[in-house]
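The block underneath contains the structure these notes are about, expressed in C-alpha cells.
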Amino acid sequence: MKLGEPTLDQIRIFLAVVEEGSFGGAARASGRAVSAISYGVAQLEAQLAVTLFEREGSKKPVLTEAGEGLLAEARSIADRVDALLAKARSLHAGLESSVGLVLDVMVSGEVTALVLREFRDMFPTVALTLNIEGLGAVAECLLDERAELAIGGPVIGDLPSLERQVIGRIDLVPVAAPGHPLAARDIPPGESRKHLQLVLADRSDFTQGREFSVLSPLTWRLGDLGAKHSLLKQGLGWGNMPRHQISRDLAEGRLVELDLPEKPGALYPFSAMWRRDHRLGPAASWLIDSFREQLSRCPD
C-alpha cells in the first residue's frame, strides 16, 4: 500500500482536535469552521490509510489504537517545525544559531552550572558547544576557531588577534595535606624547592618555556585540576589550588593552607576573550555579563 504525504497543516489539525477534545473546540482555537477541521482530519486519515478517531457512539472524538500510536510522532514533527521557525526568527533578529564556549579549568563548576542553566532558558534556540581547558589551551580554542568566546586566565598574555575584557578573579592558595612537611610553621626560605610540587600542565604551546608560581625543580605536570586535587589530599605534593574548590577541605582539615616565605599564591583574574575578526552576538554577550555577575558573587 502506497501512503501519501500529509501536510503540516493536517498534522496540526489532528493535534488541535486531541488537545481541545472536540472538532468544535479545535475549530474555535484555530479560527476555522468545523467543516474545515473535519476535512483536514479526513485528509490526514486518507494519506496515512488509518482511522484516527472513533466518531460513532460518542459526542467526544476518541483516539483509535492507530491514532494513539501516531500521536507522539505527530507532536514530534510539530515541535521540530516550531523549533525550526523559532531559530529562523532568531537569525533574522540577529541571534546566533550556535555559540562555541571554552572555559578555563579554574572557573568554578557551580558558577558554570548556574550560568549555563539560565542560558538554556534564555536562548533555547542557540546550540551551545562547551570545552574546558587550562592555561594556553583556552586561547588555542579561539584561534583554531573551535570556539567564539572564552573565559580564560592571565597566563596567555595579550595576543594581538584577541580582544580581552576582565570580568572577575579568584584566589589561588598553596596547599598540602596536614602531614606534609611544608604544613609546619616557620618554614625557612627555599624549603619549598625540596618538595614535589604539583603543577597544572598546558596542553598548548602558548606558554612553552614559561612557568607560573613554580618554585620547585621537582614537579608533576597534570592536565586535570581534579587529579591535582586528589593527589594533594593524598599528601603526594604541594601546589596552588582555587580557594573555592578546596574551601571545604580546608574547613574539615583534609588540606591546610601553606604559609611559605615565597608567597606563591596569587589572585587569578578571568577575562572574556574573543577574536577581533569576530563580532559577538546577543547570546555570547549575555554569557559575558552573566559570568561577570556570578564571579562577583564568589566568596573569593
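The values are calculated or read from the model by the stated rules, or taken from the named source; none is laboratory data. Please read these numbers as outputs of a predicted model, since none were measured by experiment. Cβ sites come from the backbone with ideal geometry, for glycine too, and all protein chains shown count toward neighbours.
Values for this structure:
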read-out	value
Residues of the range 175-204 classified as part of a loop (DSSP other than H, G, I, E, B), within 20 Å of residue 254 (Cα to Cα) and without any contact (Cβ under 8 Å) to a residue 24 or more places away in the chain, total	1
Residues located in the range 110-156, provided they are of a type in the set (Gly, Ala, Ser) and in contact (Cβ under 8 Å) with a residue 40 or more places away in the chain	134, 136, 137, 139, 147, 150, 152, 153
Failed condition for residue 172, given (1) out of contact with any Gly (no Cβ under 9 Å at 6 or more places or on another chain); (2) touching a residue at least 40 places away in the same chain (Cβ under 8 Å)	(1)
Check on residue 273, at pLDDT 85 or above, assigned by TED's automatic domain parsing to the domain that holds residue 168 and in contact with a His (Cβ under 7 Å, 6 or more places away or on another chain)	no
Residue 225 modelled with pLDDT under 90 and among the hydrophobic types (A, V, I, L, M, F, W, C)	yes
Residue, surrounded by the most Cβ atoms within 10 Å (Cβ to Cβ), within the range 243-300, restricted to residues that are among the acidic types (Asp, Glu) and in a helix (DSSP H, G or I)	249
Qualifying residue in the range 215-229 (condition: part of a helix (DSSP H, G or I), over 30 Å from residue 120 (Cβ atoms) and out of contact with any Leu (no Cβ under 9 Å at 6 or more places or on another chain))	no
Answer from 228, 233 - the residue that is buried (at least 18 other Cβ atoms within 10 Å of the Cβ), among the basic types (Lys, Arg) and at negative phi	228
The range 110-152: number of residues that are in contact with a His (Cβ under 9 Å, 6 or more places away or on another chain), surrounded by fewer than 18 Cβ atoms within 10 Å (Cβ to Cβ) and under 23 Å from residue 170 (Cβ atoms)	1
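Listed here are the residues, each with its yes/no results for (1) assigned by TED's automatic domain parsing to the domain that holds residue 121; (2) under 30 Å from residue 121 (Cα atoms); (3) surrounded by 15 or more Cβ atoms within 10 Å (Cβ to Cβ).
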| position | (1), (2), (3) |
| --- | --- |
| 12 | no, yes, yes |
| 19 | no, yes, no |
| 27 | no, no, yes |
| 61 | no, no, yes |
| 65 | no, no, no |
| 80 | no, yes, no |
